1. Here are some conditions: (1) over 17 Å from Gly47 (Cβ atoms); (2) in a loop (DSSP other than H, G, I, E, B); (3) at pLDDT 95 or above. Trp119 meets all but one. Which one does it not meet?
2. Residues in region 145-162: is at least one free of Cβ contacts under 8 Å to residues at least 40 places away in the same chain and in contact with a strand residue (DSSP E or B) (Cβ under 6 Å, 6 or more places away or on another chain)?
3. For region 45-67, give me each residue that is of a type in the set (A, V, I, L, M) and either under 9 Å from the mean Cα position of the chain (by Cα) or closer than 16 Å to Trp30 by Cβ (or both).
4. Leu86 is checked against (1) among the hydrophobic types (A, V, I, L, M, F, W, C); (2) surrounded by fewer than 22 Cβ atoms within 10 Å (Cβ to Cβ); (3) under 18 Å from Ile141 (Cα atoms) and fails just one. What number does that condition carry?
5. If I go through region 76-86 residue by residue, how many of them are closer than 21 Å to Leu33 by Cα and within 12 Å of the ligand (Cβ to nearest atom)?
6. Among strands (runs of 3 or more DSSP E) lying entirely in region 1-115, which contain 1 or more residues that are in contact with a Pro (Cβ under 6 Å, 6 or more places away or on another chain) and not aromatic (Phe, Trp, Tyr)?
7. Count, please, the residues in region 56-66 that happen to be crowded, with 21+ Cβ neighbours inside 10 Å and under 21 Å from Glu196 (Cβ atoms).
8. Can you name every residue in region 26-54 that is under 24 Å from Ser131 (Cα atoms) and among the acidic types (Asp, Glu)?
Amino acid sequence: MRLRNVTGSREVIAESCFVVQEPIAHRGKWGALFGNQNPIHIEIGMGKGRFLMELAALNPEINFIGIEKYSTVLLRAIQKMEVQELDNLRFIRMDAEEICAVFGCGEIAQIYLNFSDPWPKDRHAKRRLPSRQFLARYHEILAPDGRIAFKTDNADLFEFALAEIDAAGWKIEAMTKDLHHDEKMLAGNIMTEYEEKFSAMGNPIYKYIIYR
Ligand code: SAM
């Protein structure tokens with residue numbers, strides 16, 4: 001994602017009621033923040049938030065949290081929420097490496113990884129969001145019947161992600177190497193910003209859903 005310097009994005013984030021300012025304080029009690037005990041789904045690396053906003057609007061009985069590392073990107077999601085406020089969606093600005101400090105054991109019902117950064121150099125493999133290091137973190141915060149859904153147009157990243165599943169003790173529930181031509185897996189698909197861009201260029205979209 002191209003980062004432009006958006007003046008004051010940190011200040012806007014610090015004052016936004018859509019952003020959870022002290023996420024660690026909510027560890028193990030996120031239900032209280034939403035005022036209900038509905039399941040919680042998170043998207044890690046949500047970018048400008050389009051996917052989560054659509055999903056949250058369609059599923060008011062689920063609470064959603066979007067995690068994004070960069071203020072300049074998160075600002076775009078906040079601006080969307082100012083136009084269409086959703087009670088069941090909140091944002092956190094943080095590096096996903098810290099998720100185990102923010103969510104309690106089994107507190108999360110579903111994790112979405114959409115078009116995660118590929119980190120092509122081998123020495124950066126552990127930064128890839130579907131890496132075994134991240135799968136170990138997801139294992140801690142996901143409920144026993146929880147699922148991870150991962151989409152990308154990056155063939156190398158997808159092959160890497162597939163190889164990590166077994167190594168980390170997870171199992172594949174569903175998988176496609178051409179989501180937009182897979183009738184079963186496409187049902188209910190919500191396009192992300194990147195998905196729209198890359199599928200319009202003719203790139204096939206890869207997806208898996210995994211569990212353990
Ligand atoms: N998910 C969106 C989509 O599909 O349109 C955005 C995809 S963009 C390629 C990847 C996003 O993940 C970027 O906004 C980046 O800042 C964020 N990201 C990458 N690594 C992250 C991390 N460790 N923690 C939080 N966000 C991260």
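The values are calculated or read from the model by the stated rules, or taken from the named source; none is laboratory data. Just so it is clear, the structure is predicted and the values come from calculations on it, not from any experiment. Counting neighbours? That spans all protein chains shown, and the Cβs are built from the backbone with ideal geometry, glycine included.
1. The one condition Trp119 does not meet is (1).
2. No: region 145-162 contains no residue that is free of Cβ contacts under 8 Å to residues at least 40 places away in the same chain and in contact with a strand residue (DSSP E or B) (Cβ under 6 Å, 6 or more places away or on another chain).
3. Residues satisfying the conditions are Met46, Leu52, Ala56, Ile62, Ile65, Ile67.
4. (3)
5. Of the residues in region 76-86, 1 are closer than 21 Å to Leu33 by Cα and within 12 Å of the ligand (Cβ to nearest atom).
6. 89-93, 108-114
7. 3
8. Across region 26-54, the qualifying residue is only Glu43.
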